[in-house]
Amino acid sequence: MKRKLLVYGGVGVLLLAVSVVVSLSIGSAGISLRDVWSILLYRFTGLEFGGGTWSEGEMAIVTEIRLSRVLLAILVGACLALAGAGFQGVLRNPLADPYTLGVASGSSVGAAFLILLGLQTAFGIWTIPAVAFTTGTLTLAAVFWLARTKGAMAVETLILSGVVLQAFFGAFVSFMVSLSQDTVNQILFWIMGSLAMRSWEYVYLLVPFLAVCLPVLILYGQPLNLFVLGERHAAHLGVRVERTKLVVLLTSTLLTAAAVSVSGVVGFVGLVVPHLLRLLVGPDYRVLIPLSAIGGGIFVLWADTLARTALSPREIQLGVVTALIGAPFFAYLLYRRKMLQGGAS
């Protein structure tokens, strides 16, 4: 396990580093690759390379706009992919993720409601994450309540309940858009998801969430492995089933709320990344969870790079790009699951 984590983790970090280099070097401002890295070298070391031929405006573009956005994309992707891995582990369902379970939409309702009332900064920068976590947790509880029948909870019913609540909250957010005038663009930001106009303060906002939640999920990697055997067998092997479910679900919801509070609803990251990694490295959550953080960062970074450069100088919403990738992948998983079940029967 340790060797696999070391090898794949090293490859993942290398791919992430290359992705950062490429993304920082691409943009509509027309700054050369040489100037981009000269600016970064000067910004962080004080050393000048190439004579310092860049302007103050170019330096601001690289350090205040591009670099903060690249780091924010990595953090958002890591949060969403980790949340997806957590949901899939507890529910033993590869189709579960913050988007399909409705948690992302539920979190966005709280953010949109605050924006509508003009209260998004009532308690500082932590206002939206706190409310998003509350509404996201309530949404998750509602999904479980709808899916539970006589103490049992079928996988298909769980996903269907999530889709129903996602549609309901999507309609509720649209209703708030129709009520708003001055804040309509801000609310639409949450519906479609974007990292545009996000500054360094949002990077600093996400770092504590990831720093706390990642070790928690890693700690529960082995119990999640035993969940594959079923909750009863896991309990016989010493797993505190209810405690594990509560901690992992709340941690995953917190990660989702944190990401949504910054980027809006960015769908399918938590579905695509853990599933692809599971096919690549196997189902061991002790390996899958840390790799999901790296893989999610890479996925969202490239999606955001495509969003801001594909139609430059116009920008595509990040949530649109991830949905264009994730929705066909979700359909493929449903088809594959149907074929497997058909073959088994």
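The values are calculated or read from the model by the stated rules, or taken from the named source; none is laboratory data. Please read all numbers here as calculations on a predicted model, not as lab measurements. As a convention, Cβ positions derive from the backbone with ideal geometry for all residues, glycine included, and neighbour counts pool all protein chains shown.
Go through the stretch 104-119 residue by residue and tally those that are over 27 Å from Phe87 (Cβ atoms) and not hydrophobic (A, V, I, L, M, F, W, C). Can you show your working first?
Quick first cut of the stretch 104-119, residues over 27 Å from Phe87 (Cβ atoms) only: 116-119.
Still in the list and also not hydrophobic (A, V, I, L, M, F, W, C): 118.
Counting residues in the stretch 104-119 that are over 27 Å from Phe87 (Cβ atoms) and not hydrophobic (A, V, I, L, M, F, W, C) gives 1.
Checking every residue in the stretch 190-198 against the condition of being polar (S, T, N, Q) and either at pLDDT 85 or above or in a helix (DSSP H, G or I) (or both) gives at least one match.
Among the listed residues Asn225, Asn185, which satisfies the condition of being more than 19 Å from the chain's Cα centre (by Cα), surrounded by 12 or more Cβ atoms within 10 Å (Cβ to Cβ) and not acidic (Asp, Glu)? Talk me through it step by step, then tell me what you get.
Details: Asn185 fails: surrounded by 12 or more Cβ atoms within 10 Å (Cβ to Cβ).
Matching residue, one of Asn225, Asn185: Asn225.
So, Ser261, is that one touching a residue at least 40 places away in the same chain (Cβ under 8 Å), among the small types (Gly, Ala, Ser) and closer than 20 Å to Arg278 by Cβ or not? Can you show your working first?
Numbers: touching a residue at least 40 places away in the same chain (Cβ under 8 Å): yes; among the small types (Gly, Ala, Ser): yes; closer than 20 Å to Arg278 by Cβ: no.
For Ser261, the condition - touching a residue at least 40 places away in the same chain (Cβ under 8 Å), among the small types (Gly, Ala, Ser) and closer than 20 Å to Arg278 by Cβ - is not met.
Scan the stretch 245-254 and tell me whether some residue there is surrounded by fewer than 17 Cβ atoms within 10 Å (Cβ to Cβ), farther than 17 Å from Asp97 by Cα and not β-branched (Val, Ile, Thr). No, that holds for no residue. Candidates in the stretch 231-253 are the residues that are of a type in the set (Lys, Arg) and closer than 27 Å to Thr135 by Cα; of these, the one that is farthest from the chain's Cα centre (by Cα) is Arg240.
If you scan the stretch 212-244, which residues turn out to be closer than 23 Å to Pro98 by Cβ and small (Gly, Ala, Ser)? Gly221, the sole residue that qualifies.
I want to confirm something. Restricting to the stretch 1-17 and keeping residues that are without any contact (Cβ under 8 Å) to a residue 40 or more places away in the chain and closer than 13 Å to Gly295 by Cα, which single residue is nearest to the chain's Cα centre (by Cα)? Looking at the filtered set, the residue picked out is Ala17.
Restricted to the stretch 47-160, the set of helices (runs of 4 or more DSSP H) holding at least 1 residues that are in contact with a Ser or Thr (Cβ under 9 Å, 6 or more places away or on another chain) and either modelled with pLDDT under 85 or closer than 30 Å to Arg336 by Cβ (or both) comprises 67-91, 103-117, 127-147.
Screening Leu75, Leu101 for residues that are over 22 Å from Phe227 (Cβ atoms), among the aliphatic types (A, V, I, L, M), in contact with a helix residue (DSSP H, G or I) (Cβ under 7 Å, 6 or more places away or on another chain) and surrounded by 18 or more Cβ atoms within 10 Å (Cβ to Cβ) leaves exactly one candidate, Leu75. Taking the criterion of being farther than 20 Å from Ser312 by Cβ and surrounded by 13 or more Cβ atoms within 10 Å (Cβ to Cβ), the residues of the stretch 14-38 that qualify are Leu15, Leu16, Arg34, Trp37, Ser38. Filtered by the rule that a residue be assigned to a helix (DSSP H, G or I), touching a residue at least 40 places away in the same chain (Cβ under 8 Å), out of contact with any Asp or Glu (no Cβ under 9 Å at 6 or more places or on another chain) and not β-branched (Val, Ile, Thr), the stretch 304-325 gives Asp304, Gly319, Ala323.
Can you confirm whether the stretch 317-329 contains a residue that is more than 18 Å from Leu91 (Cβ to Cβ), surrounded by fewer than 23 Cβ atoms within 10 Å (Cβ to Cβ) and at pLDDT below 85? Yes; the residues of the stretch 317-329 include at least one that is more than 18 Å from Leu91 (Cβ to Cβ), surrounded by fewer than 23 Cβ atoms within 10 Å (Cβ to Cβ) and at pLDDT below 85.
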